[in-house]
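K.L.:
Take this structure first; my questions come after.
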Amino acid sequence: MAQIRSIQALRAGAALLVTLGHLEHEAASLPSASASGFAPILVDLTGAGVDLFFVISGFVMVYASHDLFARPQAARLFLTRRIARIVPIYWLVTSLFLVVMAGSHVLSSAAPTFGEIVKSYLFIPYLPQGGDMMQPVYKLGWTLNYEMFFYVVFTGTLVLPQRAAVAAIAAAFSALVALGLWLAPAPGVLAFWSHPIVLEFVLGAVVALAYRDGLRFPPVAAGGLLLAGLCGFAATTLLGLDAHGLLRPLLWGLPAALIFVGSVLSLARLPSWPVVGWLVGLGDASYAIYLLHPLIVRGLRVGFDKTHASDVLSPWVFIALGLTLVVPLAMIVHRGIERPLTRRLSRLFGVRPTHLEAPPRLLDADATAR
């Protein structure tokens, strides 16, 4: 299905975009960077890959849960599927990060408290000691804290029919954002959960309804939406606007949604370019790419410093080598660890893992995943 292949390509593109941003940030601090006049390319904009992920997540949760709405056991089935999909590999990476932190000095992060470690594993937002942003032990996990919050809210709406559930999610997140703005600064975790970025999940959920209704755009219109999204990103960059604050859903979320709509709700098929096919194939491993790349980038930097390559090699060599390492290593982890863990945990929970190509069927309480 062309539209679903588009989602896979966008997933891979978003993961690689975030990876590129972190590689450029690291490359900019190499000793050779100043000598060579290294200038990162759109380094700030690479963070918009997260916003594209959130839009995709909102779509996928509604689309893949199509036959769960207003059905018995829907909440249990949905939440256990998400736990089986998201938690194992994230806990493994977090644990690996803690082991590396404890056994070496190659990480710049301060040692976390026991309470901070527990909250990190349970996806509970907190402000680290001396920090200015709510992040778990493995800093990249702040996005997973939003994802899990969205899943919990979504689970609560599954007692409703699909349209009513999406409306309830939109109303709940809108009210939460309004409350956060009214109380600003909102206290504790409310400041995190009420950030307007949560509205990006709503954008994806609404697109899922349109997709289910059969809405499709002709190639010219879809291309116009894609172009509008790209222009939105370009305008943010050219005008020097700060997309990390309260306007993030407007400055990055909306362009990401336009690109997503132009790709998914298009009557046109994806071009048969090799790079497109490669991205589609890489889509399944996008979660592994996203989670693993900070460790790989940091390891590469340590290797460059110890061999003095950071003094002589171009930062672009560092970036190219980083991308070359991240992709195959993430694929190995995805196929050898992530997928087997997901299958086994799904079997333990008595659910079948979901797939975009075939929305999940409700299983009996004692059903066994295949």
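No lab work stands behind these numbers, since they all come straight from the coordinates. The structure presented is a predicted model; accordingly, all values stated were derived computationally and were not measured. Note that we place each Cβ from the backbone using ideal geometry, even for glycine, and neighbour counts take in every protein chain shown.
K.L.:
Quick one: in the range 2-349, what % of C-alpha pairs are over 32 Å apart? If you can, show how the numbers build up before the last one.
P.N.:
Working: 19116 of 60378 pairs.
Tail of P(r) above 32 Å: 32 percent of Cα pairs.
K.L.:
Taking only DSSP H segments of four or more residues, each worth -39500 (n - 2.57), what value at 222 nm results for the chain once the sum is divided by all its residues, to the nearest 500 deg cm²/dmol? Numbers along the way, then the final one.
P.N.:
Numbers: 16 runs with 241 residues, N = 370.
That calculation yields -21500 deg cm²/dmol at 222 nm.
K.L.:
Pick out, from Leu160, Leu45, Ala256, the residue whose Cα sits farthest towards the positive end of the charge dipole of the range 2-349, with +1 on the Cβ of Lys and Arg and -1 on the Cβ of Asp and Glu.
P.N.:
Leu160
K.L.:
Next question. If you put +1 on each Lys and Arg Cβ and -1 on each Asp and Glu Cβ, how big is the dipole of the chain around its Cα centre, in Debye rounded to 20? Numbers along the way, then the final one.
P.N.:
Working: 25 positive and 18 negative charges, 250 e Å.
It comes to approximately 1200 debye.
K.L.:
Once the dipole of the range 2-349 is set up with Lys and Arg at +1 and Asp and Glu at -1 on Cβ about the Cα centre, which of Val220, Ser120, Ile169 lies farthest towards its positive end?
P.N.:
Ile169
K.L.:
Amide H to amide H under 5 Å from Phe217: which residues, 5+ apart in sequence or cross-chain, H placed 1.01 Å off N in plane?
P.N.:
HN-HN under 5 Å from Phe217: Ser266, Leu267.
K.L.:
Can you list the HN-Hα couplings for the range 144-149, worked out from phi with the Karplus curve (6.51, -1.76, 1.60; θ = phi - 60°), rounded to whole Hz and with x for Gly and Pro?
P.N.:
5, 4, 5, 4, 5, 4
K.L.:
So what's the net charge close to Ala210: Lys and Arg +1, Asp and Glu -1, counting the other residues with Cβ under 15 Å from its Cβ? Don't skip to the answer; put the middle values down first.
P.N.:
Working: positive: Arg163, Arg212, Arg216; negative: Asp213.
So the surrounding residues net to +2.
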